[in-house]
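FYI, it's all coordinate maths here, none of it is from the lab. None of the values given here were measured: they were computed from a predicted structure. All Cβ positions, even for glycine, are placed from backbone atoms using ideal geometry, and neighbour counts span all protein chains on display.
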Amino acid sequence: MIYPKQPGVYWFLNSKGQVIYVGKAKNLNSRLKSYQFLTEKSPKTIQLIKERKKTKWLTVNSEFEALILEANLIRAYQPQYNILLKNTQQKIYLSFTHEPYPRILKTRGKGDYGPFPSIKKLNFILRILRRIFPFCDQPNSGKPCFYYHLKLCPGVCFNKLTPFEYAKTIRHLKILLKGKTKKLIKTLIKEQKQSVQALNFEQAGIYHHQILALQNLNQYDSGFDYQLPQLTEDKINEQLISLRFILKTNLKLPENYPLTRIEAYDVSNLQGKNPIGSMIVFIQGEKSSSDYRYFKIKSLNTPNDLKMLSEMLQRRIKHLEWGIPNLILIDGGRNQVKVARKIIPWNIPIIGLAKNPDRLVINQKTLTLNSNQPALHLLQQLRNEAHRFSRQQHLRLRTKTLFK
């Protein structure tokens, strides 16, 4: 079989359709064909090839993109053989320190971004990042560093920039490491226009250089801004993996954070009359109707969704026998999520899904997710089911009241 001769990522599926290995290549054709001619295969590699039933791939524009995408896919899917074949040494990650002038560190075992296949490949990524967004290895050292003389450091080493100014560079680096290249280009175009309007043409020229450099990295159409490509046909598993990746990216949760029990909440009423709160439950990504509960709101009968939500959640947390969820979804925006955070005593993520258009509220941020993203489909199912159940119970109560 002839594969594309472009850079990209590839993955192997077993007989159950599960992802067992993710890799990247400068030339997909050469890399994938090489598996037929490996002369010195380790026992684990031999077993990997035996279990492989299907090979899939995705082309990208550069080796840089392939490395970033491979790291994000491994982190999201945790393929069995990526773990087994690398267990002789701890995985390599990239981390940012929490300082006025953050430093970029290479770490083993865990970190903010990665894992990366080797120190060599990570250094390759850092060289590209530094050319686009110069950063400093020795902040506050009191004198210009080696990279400053090469115009690859903005002068943080001798406080040429304030922490506030340098924070923008760090923010751009983090966006790029997440693979959100298209979003970053849009941000830079906006900042370039603002610099031109302020007659700061030197800064506008810097933004122009950065935009061109990023466009050379990201010329393929699909992109992967806040979205990983779907690797399997297992719809439920893909949704959970996609949601787990978003939680990891925004809340620093572990890659294998459990999403066994997800609860979603909604309130239904007609101008405050016959108010009903609903709690629906998904177990392992599927409806668990026997765990659904509804709450007749007792404290008020005037329109106030926030107070109704507050009463429902205060009553919910008293029922420990129902179990503690791994994630709570609120039908609503920042105000609803804020109310829930004040009431829920458990150390679990609480997110919201606002309407028109659907937007994810997470960690005090509002994100617009790609309409094809599996995580969004799961959250919409949860929200819609909570709304359906609360409305069903509200109409039942209205009918009962009407015929009293």
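Laid out as a table, the results:
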quantity	calculated
Over the chain, relative contact order from alpha-carbon pairs under 8 Å, at least 6 apart, %	11 percent
Unit charges at the beta carbon, dipole of the chain: most positive-side option, CYS153, ALA213, LEU360	LEU360
Normalised per residue, the volume of the convex hull around the Cα set of the range 235-402 (Å³)	115 Å³
Above-threshold pairs, the threshold being 26 Å between Cα atoms, out of LYS180/LYS252; LYS248/LYS355; LYS235/LYS296; LYS54/LYS235; LYS106/LYS143	LYS235/LYS296
Dipole of the chain, positive end: most advanced residue of ILE297, GLY333, VAL196 [Cβ charges, Cα centre]	ILE297
Gap separating the Cα centres of the range 344-402 and the range 147-206, nearest whole Å	37 Å
Of LYS5/LYS53; LYS121/LYS182; LYS121/LYS151; LYS56/LYS110, pairs whose Cα-Cα distance is over 26 Å	LYS56/LYS110
Fraction of the pair-distance distribution of the chain above 27 Å, Cα-Cα pairs, percent	59 percent
Net charge contributed by nearby residues that have their C-beta within less than 9 Å of TYR265 (K/R +1, D/E -1)	-2
Sparse-neighbour loop sites [trypsin sites (Lys or Arg not before Pro); the range 129-180; at most 10 other C-beta within 10 Å; DSSP]	LYS151
The range 235-402: relative contact order in percent, alpha carbon pairs under 8 Å with at least 6 residues between	27 percent
Axial C-alpha extent at least 30 Å, average Kyte-Doolittle at least -1.0 - helices from the chain (DSSP)	374-402
Dipole of the chain [Lys/Arg +1, Asp/Glu -1 at C-beta], most positive-end residue of PHE389, ASN27, LEU369	PHE389
Rounded to the nearest 20 debye, dipole of the chain from Cβ charges on Lys, Arg, Asp, Glu	360 debye
About the Cα centre, charge dipole magnitude for the range 235-402 (Lys/Arg +1, Asp/Glu -1 at Cβ), debye	560 debye
The chain - mean residue ellipticity at 222 nm from DSSP helices (-39,500 (n - 2.57) per run, n ≥ 4, rounded to 500)	-13500 deg cm²/dmol
